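Everything on this sheet refers to the single structure shown next.
The values are calculated or read from the model by the stated rules, or taken from the named source; none is laboratory data. The structure presented is a predicted model; accordingly, all values stated were derived computationally and were not measured. Heads up, the Cβs are rebuilt from the backbone with ideal geometry, glycines too, and the neighbour counts pull from every protein chain shown.
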Amino acid sequence: MPLPVDVLRIRLRNEIEMCQRELRHHISISDPSLSSFPVMVSVTFMRVPGPDWEEGKVVHRFVHRMAIVISEDYPMEKPIVKWQTPIFHPNIMAPSDGGYVCTKLLENWDFGSNLMTFIKGIESLLVNPNPANPFGNDMCTRAAAYFNRNKYRPPLVMDQTDRRIRIIGDADA
């Protein structure tokens, strides 16, 4: 049984505001008033290294996008997730292959699940591909074979949210 629409709107508004406040990523919503469903939440991951394939080698992308479609049956029903940027990953399909995301977070979705936990989980999956559990399409199985032979080592990315100025040494010296 779905939540009453007014309760769903309050819950969803709270979840989106928490994501916007707590995450360093850009979060936007197709209908900020939540007047009709389904609603699309767009997530742009910022400064998160993820693998892509270019010119016969793995490269790192630092900006990624996905769309989360939320129906009026949320949170009883899991959202639909579509990846929107190029990727070479065993657990995330390229947009041209459907953009589906394979994750336990969706398999185990229940009333207690929320957008914040889900987005953090996708961020972790992006940096830590799981070649033992790939999607069955060609690109994902190729990525799984590659990452079984070569561990993905994403570059470290400095936390850009720390903007404090550091003065080293004595100003009077």
Original post:
So how many residues does region 126-150 have that are among the aromatic types (Phe, Trp, Tyr) and modelled with pLDDT under 95?
Top reply: 1
Original post:
Among (1) over 14 Å from the mean Cα position of the chain (by Cα); (2) among the hydrophobic types (A, V, I, L, M, F, W, C); (3) closer than 22 Å to residue 131 by Cα, where does residue 70 come up short?
Top reply: (3)
Original post:
When only residues in region 57-85 that are farther than 25 Å from residue 144 by Cα and of a type in the set (D, E, K, R) count, which is surrounded by the fewest Cβ atoms within 10 Å (Cβ to Cβ)?
Top reply: 77
Original post:
Which residues, taken from region 1-50, are assigned to a helix (DSSP H, G or I) and under 19 Å from the mean Cα position of the chain (by Cα)?
Top reply: 12, 13, 14, 15, 16, 17, 18, 19, 20, 21, 22
Subject >> Matching residues in region 100-113 - criterion: being more than 10 Å from the chain's Cα centre (by Cα) and surrounded by 16 or more Cβ atoms within 10 Å (Cβ to Cβ) >> reply: 100, 102, 103, 105, 106, 109, 113
**OP:** Residue by residue through region 1-33, note down the ones that are under 19 Å from residue 110 (Cβ atoms), touching a helix residue (DSSP H, G or I) at 6+ places or on another chain (Cβ under 9 Å) and among the charged types (D, E, K, R).
**Re:** 15
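Here is a yes/no grid of residues against (1) over 22 Å from residue 152 (Cα atoms); (2) touching a residue at least 12 places away in the same chain (Cβ under 8 Å); (3) surrounded by fewer than 13 Cβ atoms within 10 Å (Cβ to Cβ); (4) among the aliphatic types (A, V, I, L, M):
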residue: 6; (1), (2), (3), (4): yes, no, yes, no
residue: 9; (1), (2), (3), (4): yes, yes, no, no
residue: 19; (1), (2), (3), (4): yes, yes, no, no
residue: 26; (1), (2), (3), (4): yes, yes, no, no
residue: 29; (1), (2), (3), (4): yes, yes, no, yes
residue: 35; (1), (2), (3), (4): yes, no, yes, no
residue: 45; (1), (2), (3), (4): no, yes, no, no
residue: 51; (1), (2), (3), (4): no, yes, no, no
residue: 55; (1), (2), (3), (4): no, no, yes, no
Original post:
Which of the residues that make up region 132-151 are loosely packed, with under 14 Cβ neighbours inside 10 Å and either touching a Leu at 6+ places or on another chain (Cβ under 6 Å) or in a helix (DSSP H, G or I) (or both)?
Top reply: 138, 145, 148, 149
